[in-house]
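Below: the structure, in structure tokens.
The values are calculated or read from the model by the stated rules, or taken from the named source; none is laboratory data. This is a predicted model, so every value here is computed, not measured. Cβ coordinates were reconstructed from backbone atoms using ideal geometry, including for glycine residues, and neighbour counts include every protein chain displayed. Please note that ligands, DNA and RNA were not included when accessible areas were found on the heavy atoms of the full protein model with its side chains. Shrake-Rupley method; radii C 1.70, N 1.55, O 1.52, S 1.80 Å.
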Amino acid sequence: MGTARCVLLAARALVVTALLAAAVAEEYVRPPPGRIILTEHAEPAAHPQQVHVSAVGAKHMRVSWVTDDKRTQSVVEYGRASRNYTASATGDHTSYRYFLYSSGKIHHVKIGPLEPGAVYYYRCGMAGKEFSLRTPPAALPIELALVGDLGQTEWTASTLAHVGKTDYDLLLVPGDLAYADTQQPLWDSFGRFVQRHASRRPWMVTQGNHEVEAAPLPPVPGAPPPFAAYGARWPAPHEESGSPSNLYYSFDAAAGAVHVVMLGSYAPFDAGSDQYRWLARDLAGVDRRATPWLVALLHAPWYNTNAAHQGEGEAMRGAMERLLFEARVDVVFAGHVHAYERFTRVYNNEANPCGPVYITIGDGGNREGLAFDFEKNHKLAALSVTREASFGHGRLRVVNATTAHWAWHRNDDADSVVRDELWLESLAANSACRQQGAHAAAAGSWNDEL
């Protein structure tokens, strides 16, 4: 072989090698499941642990915590200046048993009325360290952080760190919190794990399949009911929204500019169920002139092209999708599938400009890892705009009555990288959708459901 030919082949080989190297450098290597982080309580038994806050109505917050000392009072002192507590509130407490496990004393105290968009300093049980929280704003804009299927792993820590790097007003979780799966000490570890974040901003959650924790069949005498731990530890403001169950509820944000509906994938949802009747009443009571944005959360996605949990949300979709569509819900967020996927506006398995945008965001960092297998030939593939199996979180910034911005942030090593974003127009501002909705209401499409 001639010298020139050898040089040419070597050059070609170098070019090919360089191209392959560049392709490998550009390709994101998706991480394996992270190690579970067990968080211990190293303070005295009377000191608060597992502190988290949630919004209750427009002017109140619920402070929840656990103590190992059963004599600790359910009292919260609070004020606008550090260590200067000008008000206090007394609440209630509960506890539960799960076979051989006995929980600590679980405290829930509602504080307020509070000023919107204000920082408050507070202390739980008249012992231990001081915490601070910021109340949501009373007007737009408002920033909602979203993350599902959290768990308590190294990747969960990364996700929450990325969430905390940029300011937000509330955090919404579409189910699967602790991944305790009947191992009750993991609920305690999870509460300590998220305390740094959940004590500062309201966390509004709904249940996932990992919260059910049903007793084995056949039933054992004295066995705990489903959702025993979830209900005791993470109470929702369901009574304020007229819901009979902690498993589904709604709340307003930004003085009613945003109405958020938290649905229960694991509570009865058929047309004769309490949840269905409640949802019909709740949506019928929303005045879209005063509430331009309508958002829903649930756990098992109604639209999904991933092989994981395929079809598990179909029965609920068949029962409830029409209610959400006729109410002109703007966005529906789900978890369950450990990946990210965004659909175009959809109704009844077809693209529809007046239907919600469906987004799956079950990629918080759970111990089970990612769901890699998206089906390219799935019947809904043409409706799926973006899909990726990576850990991350999302942010919905509602700018004003007509415009909102959605962004999905992937956990890319030490950084949070925006991999998908979308500007949304409120369906209440869309005259064609508004007219269709008015015609549906005039036809009495909800009246027979109330």
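Points to keep in mind about this one:
- Here D167 and N84 are evaluated by their C-beta separation; at R0 = 35 Å the FRET efficiency comes out at 0.90.
- Long hydrophobic helices in the chain, taken as whole DSSP H segments with a C-alpha length of 27 Å or more on their own axis and mean Kyte-Doolittle hydropathy at least 0.0: 3-26.
- Table column - 3J(HN,Hα) (Hz), the range 399-405, Karplus curve with 6.51, -1.76, 1.60, x for Gly and Pro: 7, 7, 5, 10, 10, 9, 10
- The range 44-135, Rg to Rh (Cα coordinates; Rh as Kirkwood inverse mean 1/r): 0.99
- For the chain, the fraction of 1.4 Å probe accessible surface lying on carbon and sulfur atoms is 54 percent.
- Efficiency of FRET from Cβ geometry, L38 and K129, R₀ 30 Å, rounded to 0.05: 0.90
- q = 0.09, 0.12, 0.15 Å⁻¹, the range 225-376: log10 I(q)/I(0) [Debye, one scatterer per Cα]: -0.29, -0.51, -0.81
- For the range 139-442, size of Cβ-based charge dipole, Lys and Arg +1, Asp and Glu -1, in debye: 580
- Ordered by 1.4 Å accessible area with all protein chains kept, D412, D68 run largest first as D68, D412.
- Were the residues from A271 through A414 laid out at 0.36 nm apart, the gain over their Cα-Cα distance would be 46.8 nm.
- Between E368 and A139, the modelled label-to-label distance comes to 4.4 nm, taking each label 7 Å out from Cα in the direction of the beta carbon.
- In the full protein context, the chain carries 42 Å² of accessible surface per residue, based on a 1.4 Å probe and ignoring ligands, DNA and RNA.
- Cα-based Rg of the chain normalised by 2.2 N^0.38 Å, two decimals: 1.06
- Relative contact order for the chain, counting Cα pairs under 8 Å that sit 6 or more residues apart, in percent: 15
- Taking 0.36 nm per residue of sequence separation and removing the Cα-Cα distance, the L100/Q310 pair yields an extension gain of 72.0 nm.
- Modelled label positions at E240 and R281, each set 7 Å beyond Cα in the direction of Cβ, lie 1.8 nm from each other.
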